[in-house]
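Before any comments, here is the structure.
The values are calculated or read from the model by the stated rules, or taken from the named source; none is laboratory data. Not measured: the values here are computed from a predicted model. Glycine gets a Cβ as well: all are built from the backbone with ideal geometry, and neighbour counts include every protein chain shown.
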Amino acid sequence: MVDAEAVKKICDIYDWDGKGELDMFFLGDIMYALGMNTTKKVCVKLGQTDEEGRKFAKFDEIVAKVQEAKNTPESSGNYHDYIELLKLYDKNSNGTMMMAELENILANLGDEIPKEDVQKLMAELCDPEDEDGMFPYTPFVDRLTGKA
């Protein structure tokens, strides 16, 4: 069960007009602010829009949508999933992968992330690459998921 008051408190931050409604453009932001790692696909299924001002929902409806997202199976990945994914790119089976491959994964698979944002994320979370363009991916996932 989600904390309805926490959801409404976060929705209130995005309610610039004070109408008690959330612009559905920000549904994914609400999920992330609640600490959920919900995919864009799930958010769109629940009514998220690609443009501001197109669709609005009352805060109680948002609570129900957050609960539905939480109950949606496989709506987010976990630490083990990320490690297993990156092992597919570990050609030497030594815990490293090419930096360029990670950049491609982040920018193009799942929720698209602008290339500039991917580069900032990698600069902050990745260890330096070696002379072959490889870097250890476990510390990256540790930092990404808050384990480091």
(request) Could you look through region 117-146, keep only residues that are charged (D, E, K, R) and over 16 Å from the mean Cα position of the chain (by Cα), and pick out the one that is farthest from Lys40 (Cα to Cα)? (result) Glu131
(message) Looking only at residues that are small (Gly, Ala, Ser) and closer than 13 Å to Lys58 by Cα in region 3-22, which one is surrounded by the most Cβ atoms within 10 Å (Cβ to Cβ)?
(response) Ala4
(message) Take the residues in region 95-109 that are of a type in the set (S, T, N, Q) and without any contact (Cβ under 8 Å) to a residue 12 or more places away in the chain; name whichever of them is surrounded by the fewest Cβ atoms within 10 Å (Cβ to Cβ).
(response) Asn108
(message) When you check Ala33 against the structure, is it modelled with pLDDT under 95 and either surrounded by 19 or more Cβ atoms within 10 Å (Cβ to Cβ) or closer than 27 Å to Lys120 by Cβ (or both), yes or no?
(response) yes
(message) Being closer than 15 Å to Asp81 by Cβ and either in contact with a strand residue (DSSP E or B) (Cβ under 6 Å, 6 or more places away or on another chain) or assigned to a helix (DSSP H, G or I) (or both) is the filter here; which residues of region 103-148 pass it?
(response) Ile105, Leu106, Tyr137, Thr138, Phe140, Val141, Asp142, Leu144, Thr145
(message) Based on this model, can you work out whether Glu112 counts as under 16 Å from the mean Cα position of the chain (by Cα) and surrounded by 15 or more Cβ atoms within 10 Å (Cβ to Cβ)?
(response) no
(message) So in region 62-79, with the set limited to residues that are surrounded by 15 or more Cβ atoms within 10 Å (Cβ to Cβ) and within 20 Å of Glu5 (Cα to Cα), which one is modelled with the lowest pLDDT?
(response) Lys70
(request) Tell me, yes or no, whether region 48-58 has at least one residue that is of a type in the set (Ser, Thr, Tyr), surrounded by 14 or more Cβ atoms within 10 Å (Cβ to Cβ), in contact with a helix residue (DSSP H, G or I) (Cβ under 6 Å, 6 or more places away or on another chain) and part of a helix (DSSP H, G or I). (result) no
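Quick one: would you say Ile83 is assigned by TED's automatic domain parsing to the domain that holds Asp117, touching a Phe, Trp or Tyr at 6+ places or on another chain (Cβ under 9 Å) and assigned to a helix (DSSP H, G or I)?
Numbers: assigned by TED's automatic domain parsing to the domain that holds Asp117: yes; touching a Phe, Trp or Tyr at 6+ places or on another chain (Cβ under 9 Å): yes; assigned to a helix (DSSP H, G or I): yes.
In short, yes.
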(request) Scan region 110-146 for residues that are of a type in the set (S, T, N, Q) and touching a residue at least 24 places away in the same chain (Cβ under 8 Å) and jot them down. (result) Thr138, Thr145
(message) Condition first: at pLDDT below 90 and either outside the structural domain of Glu84 (by TED's automatic domain parsing) or in contact with a Ser or Thr (Cβ under 8 Å, 6 or more places away or on another chain) (or both). Now tell me which residues in region 108-143 satisfy that.
(response) Gly110, Asp111
(request) For region 59-75, name all the residues that are touching a helix residue (DSSP H, G or I) at 6+ places or on another chain (Cβ under 8 Å) and over 12 Å from Glu21 (Cα atoms). (result) Lys65, Val66, Ala69, Thr72, Ser75
